[in-house]
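Remarks on the structure that follows.
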């Protein structure tokens with residue numbers, strides 16, 4: 001009885017020991033597997049890191065190349081910008097000089113027109129004063145008023161202002177020989193009358209002109225102007241229209257006004273030049 005009890009007790013005591021050893025071995029196996037898994041994962045991560053480092057090195061090299069190309073491009077752009085700035089600066093100075101010259105000429109023309117208008121206003125004021133003072137002689141007053149109105153109309157016709165085709169500024173023109181004489185007496189510019197026959201180049205002042213086409217029905221014409229080894233074409237222009245161009249070493253404003261189209265082959269008018277412009281050796285009519 002006692003022996004059986006002991007056997008039973010022994011048997012019962014040994015069973016837990018075997019169970020504990022199996023669990024320990026299982027834990028060790030799991031630990032080994034985990035370690036192997038960790039090694040595999042470390043290897044995988046190491047490969048990824050290596051590839052990322054290679055890609056980063058390539059990107060860094062590419063960025064360095066791009067930076068070098070960018071510096072070279074910037075240098076070229078700076079050179080091109082400097083050259084363009086110098087060129088534009090010279091052109092701007094030339095434009096500024098030309099603009100100042102045009103503004104000065106326009107101011108002078110406007111002053112002349114203003115002076116003429118003031119003179120006309122003074123004449124009208126004087127006439128009005130005479131009319132108010134003379135009350136007894138009605139017939140004489142009417143005669144004086146009529147004469148004054150005629151003189152005023154003649155003055156206005158002589159001071160007719162037209163807009164130039166080049167500058168766009170108003171300029172005084174003469175529509176016939178008598179009005180041209182009036183302009184000449186003002187002494188502001190030089191005037192050269194001319195007649196042109198179709199197809200024949202003719203010197204006028206210091207330039208030459210040639211009639212290319214004339215339309216008496218519609219009062220339109222086309223001429224060539226030769227100045228400073230250049231040819232200017234004034235195409236399909238109207239009678240009494242100021243045709244402008246610049247000529248001379250120090251460019252000055254020249255004006256041509258055609259007053260009459262006699263036929264398809266002949267026109268007449270005058271050339272106007274500044275007082276400072278060179279005078280021709282001989283003037284042809």
Worksheet item: Pick from 98, 76: which is in a helix (DSSP H, G or I) and under 30 Å from residue 273 (Cβ atoms)?
Response: 98
Practice prompt. Would you mention how many residues in the stretch 221-245 are without any contact (Cβ under 8 Å) to a residue 24 or more places away in the chain and surrounded by fewer than 20 Cβ atoms within 10 Å (Cβ to Cβ)?
Written response: 11
Worksheet, complete the sentence: For the stretch 102-128, pairs from a residue that is closer than 15 Å to residue 161 by Cα to a residue that is part of a helix (DSSP H, G or I), with Cβ under 6 Å and 6 or more apart or across chains, are 120/155
Discussion item. Please go through (1) at pLDDT 85 or above; (2) touching a strand residue (DSSP E or B) at 6+ places or on another chain (Cβ under 9 Å) for residue 171 and return the number of the only condition it doesn't satisfy.
Written reply: (1)
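Give 270, 254 a once-over and let me know the one that is within 27 Å of the chain's Cα centre (by Cα), in contact (Cβ under 8 Å) with a residue 40 or more places away in the chain, under 27 Å from residue 98 (Cα atoms) and surrounded by 15 or more Cβ atoms within 10 Å (Cβ to Cβ).
Result of the check over 270, 254: 254.
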Item to complete: May I ask you to list the residues in the stretch 183-215 that are out of contact with any helix residue (DSSP H, G or I) (no Cβ under 9 Å at 6 or more places or on another chain), closer than 18 Å to residue 172 by Cα and either surrounded by fewer than 19 Cβ atoms within 10 Å (Cβ to Cβ) or outside the structural domain of residue 229 (by TED's automatic domain parsing) (or both)?
Response: 184, 185, 187
Practice prompt. Check off (1) in contact with a helix residue (DSSP H, G or I) (Cβ under 8 Å, 6 or more places away or on another chain); (2) closer than 27 Å to residue 217 by Cα for residue 259 and give me the number that stays unchecked.
Written response: (1)
Item to complete: Kindly indicate whether residue 60 is under 43 Å from the mean Cα position of the chain (by Cα) and free of Cβ contacts under 8 Å to residues at least 12 places away in the same chain.
Response: no
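The values are calculated or read from the model by the stated rules, or taken from the named source; none is laboratory data. Just so it is clear, the model here is predicted, and its values are computed rather than measured. In this analysis, Cβ positions are derived from the backbone assuming ideal geometry, glycine residues included, and neighbour counts consider all displayed protein chains.
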